[in-house]
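Peer 1: Mind looking over this structure? Questions follow.
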Amino acid sequence: MYKTILVLVLLLFVQNSNEPVISWKDNYRLTWSDFKAKPKHSVSSVATTASGITFGFSIRESDKRVISFKTEVHAHFYPKQSWYKTKQANNYVLGHEQLHFDITELFVRKFRKRISLLKTNNNIANELRDLHKRINKELADFQNQYDTDTDFSRNVKAQLTWEALIEIELNKLHHFKSKN
């Protein structure tokens with residue numbers, strides 16, 4: 001007899017399952033109208049992109065042995081948690097924010113690649129959870145490094161370097177891209 005166990009893990013910015021999301025697509029670029037939260041005037045940032053990895057998996061068991069597993073991994077943008085200051089925002093800043101979302105997609109692809117290397121075993125649920133935790137840590141560190149290196153988009157040369165880097169990295173992992 002087969003038994004299927006379904007686990008859904010939502011991390012980073014999702015607090016409400018009814019919250020609208022925008023899934024990453026290579027043919028969709030964010031617009032300022034996607035940013036729905038109230039701006040935070042107490043901080044120096046011009047905008048904030050709330051994006052993250054949504055992850056779920058199911059495991060199929062037979063006689064208390066795991067015989068297979070499936071996963072779903074998505075890059076999501078959270079409009080109700082993303083904001084911008086209208087008087088300071090421009091298309092250049094929007095490009096910086098778009099790259100944050102693209103970086104989330106990059107780490108989704110890295111995550112899918114790592115999942116593809118896993119072998120079915122009785123500890124797969126723990127392996128998937130641990131991998132998810134690690135990829136989210138790496139994503140957060142990478143996002144912080146991006147903001148540091150570009151000085152939150154103010155360093156134009158660094159911004160261009162990061163844009164080229166992310167495009168190259170996304171292309172390297174095109175087999176793992178999110179479906180449109």
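The values are calculated or read from the model by the stated rules, or taken from the named source; none is laboratory data. Remember, predicted model here, so these are calculated numbers, not experimental data. As a convention, Cβ positions derive from the backbone with ideal geometry for all residues, glycine included, and neighbour counts pool all protein chains shown. Note: accessible area is taken over every heavy atom of the protein model, side chains too, but ligands, DNA and RNA are not part of it. Shrake-Rupley method; radii C 1.70, N 1.55, O 1.52, S 1.80 Å.
Peer 1: Of all residues in segment 3-35, how many are surrounded by 13 or more Cβ atoms within 10 Å (Cβ to Cβ) and at pLDDT 95 or above?
Peer 2: Total satisfying the criteria: 10.
Table: residues versus (1) farther than 26 Å from residue 34 by Cα; (2) open to solvent by less than 80 Å² (accessible area, probe 1.4 Å); (3) modelled with pLDDT of 95 or more.
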site: 73; (1), (2), (3): no, yes, yes
site: 80; (1), (2), (3): no, no, yes
site: 83; (1), (2), (3): no, yes, yes
site: 96; (1), (2), (3): no, yes, yes
site: 102; (1), (2), (3): no, yes, yes
site: 112; (1), (2), (3): yes, yes, yes
site: 115; (1), (2), (3): yes, yes, yes
site: 122; (1), (2), (3): yes, no, yes
site: 131; (1), (2), (3): yes, yes, yes
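Peer 1: Within segment 36-48, does at least one residue satisfy the condition of being open to solvent by less than 40 Å² (accessible area, probe 1.4 Å), in a loop (DSSP other than H, G, I, E, B), touching an Asp or Glu at 6+ places or on another chain (Cβ under 8 Å) and touching a residue at least 12 places away in the same chain (Cβ under 8 Å)?
Peer 2: Scanning segment 36-48 turns up no residue that is open to solvent by less than 40 Å² (accessible area, probe 1.4 Å), in a loop (DSSP other than H, G, I, E, B), touching an Asp or Glu at 6+ places or on another chain (Cβ under 8 Å) and touching a residue at least 12 places away in the same chain (Cβ under 8 Å).
Peer 1: Residues in segment 153-161: is at least one aliphatic (A, V, I, L, M), free of Cβ contacts under 8 Å to residues at least 60 places away in the same chain, in contact with an Asp or Glu (Cβ under 9 Å, 6 or more places away or on another chain) and open to solvent by 10 Å² or more (accessible area, probe 1.4 Å)?
Peer 2: yes
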